[in-house]
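Undergrad: After the C-alpha cells below, expect a handful of questions from me.
Values quoted throughout were computed directly from the atomic coordinates according to the rules given, and no laboratory measurement underlies them. The model shown is predicted, which means the values in this text are computed figures rather than measured ones. Reconstructed Cβ throughout: ideal geometry from the backbone, glycine too, with neighbour counts over all protein chains shown.
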Amino acid sequence: MAVRSILHYPEPLLKQISKPVTSFDVALKQLAEDMAETMYGEPGIGLAAPQVGELIRLIVIDCSGKENPPDLIVALNPRIVAKEGSCCEEEGCLSVPEFYANVHRYTKVTMAYQDVDGIEQQREAEGLLAVAMQHEIDHLQGILFVDHLSPLKKSMFRKKYKKLMQQREEA
Ligand code: QAP
Ligand code: CO
C-alpha cells in the first residue's frame with residue numbers, strides 16, 4: 001500500500017478523458033488500494049484515478065463519515081444509468097485545495113460499474129453519495145467541479161485560486 005501524490009489544478013492531465021478498464025489484474029487492485037489509502041489519508045470522500053495521474057476509469061468513494069463504519073466503493077467503468085431531482089450543494093475537490101463552490105447535480109442517481117473482479121454492480125444513492133458519484137465520474141471525462149460554474153463565477157475562481165496558491169508558496 002502506498003499514498004500517491006495528488007495532481008492539482010491547472011494540471012493538464014486533469015482535463016483528459018480516461019480510458020476504460022479492460023484487465024482486472026493485480027496492478028489494478030494495487031492502484032485501487034493506493035487510491036483508497038490516499039483518499040483516507042487526506043482526508044477526502046472521493047478520488048478518481050486521473051487525480052493521481054492514471055488516465056483510467058477508476059474511482060473510489062467513501063461518504064460514510066466518522067460516526068459510521070467505512071463504506072468503500074471501488075468502481076471501474078462507472079456510469080449513471082438513472083437520475084432524478086436536482087440539488088445545489090457546496091463541493092470541494094482534492095485537486096482544487098481550499099476552494100469550495102455550489103454545483104447543480106441530480107439528487108438521486110443509480111451508478112452501474114464493475115468491481116475489482118470485473119463483476120457488474122449497481123448502486124442507488126441520494127444526497128452526498130449521489131453527488132460524489134457524479135463528481136468522480138466527471139473527473140473521468142476531464143471535468144472538474146469548477147467547470148460547472150457560470151463564466152463570471154469561474155473567472156472569480158481563477159483569481160481567488162491564484163491568490164491562494166501564491167499564499168501557499170509564500171508560507
Ligand atoms: C468530491 O471531495 C466530493 O479543498 C470529493 O482542502 C465533493 O474529498 C464529493 C478536500 C463534494 C461529494 C461532495 C478538499 C480536502 C476533499 C479540499 C473531497 C481540502 C481538503 C474533497
Ligand atoms: Co474531485
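Undergrad: Put +1 on the Cβ of every Lys and Arg and -1 on every Asp and Glu Cβ in the range 12-170; which of Ser86, Thr110, Ala32 then has its Cα farthest towards the positive end of the dipole?
TA: Checked the options; the winner is Ser86.
Undergrad: Considering the dipole of the range 17-86 built from charges on the beta carbon (Lys and Arg +1, Asp and Glu -1) around the Cα centre, which of Ala48, Ser18, Leu72 is farthest to its positive end?
TA: Result: Ser18.
Undergrad: Evaluate E = 1/(1 + (r/R0)^6) for Glu169 and Lys15, where r is the Cβ-Cβ distance and R0 equals 22 Å; express this FRET efficiency to the nearest 0.05.
TA: Values: r = 23 Å, r/R0 = 1.05.
Efficiency for this residue pair is about 0.45.
Undergrad: Can you put Leu149, Leu47 in order of Cβ neighbours within 10 angstrom, beginning with the fewest? The partial results should precede the final answer.
TA: Details: Leu149 16, Leu47 29.
The order, fewest Cβ neighbours first, is Leu149, Leu47.
Undergrad: Using alpha carbons only, how many degrees (0 to 90, rounded to 10) separate the axis of helix 26-41 from the longest principal axis of the chain?
TA: The angle comes out near 40 degrees.
Undergrad: Another question, if that's okay. Here are some pairs, Lys29/Lys153; Lys19/Lys108; Lys15/Lys153; Lys15/Lys83; which of them have Cα atoms lying more than 28 Å apart in this structure? Write down the numbers at each step before the final one.
TA: Numbers: Lys29/Lys153 39 Å; Lys19/Lys108 26 Å; Lys15/Lys153 19 Å; Lys15/Lys83 25 Å.
Pairs exceeding 28 Å: Lys29/Lys153.
Undergrad: Would you calculate the separation in nanometres between label points at Arg79 and Leu7, each defined as 7 Å from the Cα along the Cα-to-beta-carbon direction?
TA: My value for the distance between the label points is 2.3 nm.
Undergrad: Sorted from fewest to most neighbouring beta carbons within 10 Å, what does the list Cys63, Cys88, Cys93 look like? Before the final figure, lay out the partial values.
TA: Working: Cys63 17, Cys88 10, Cys93 25.
Final ranking by Cβ density, sparse to dense: Cys88, Cys63, Cys93.
Undergrad: Using modelled backbone amide H atoms (1.01 Å from N, in-plane), which distant-in-sequence or interchain residues come within less than 5 Å of Gly46's amide H?
TA: The list, which skips near neighbours in sequence, is Asp62.
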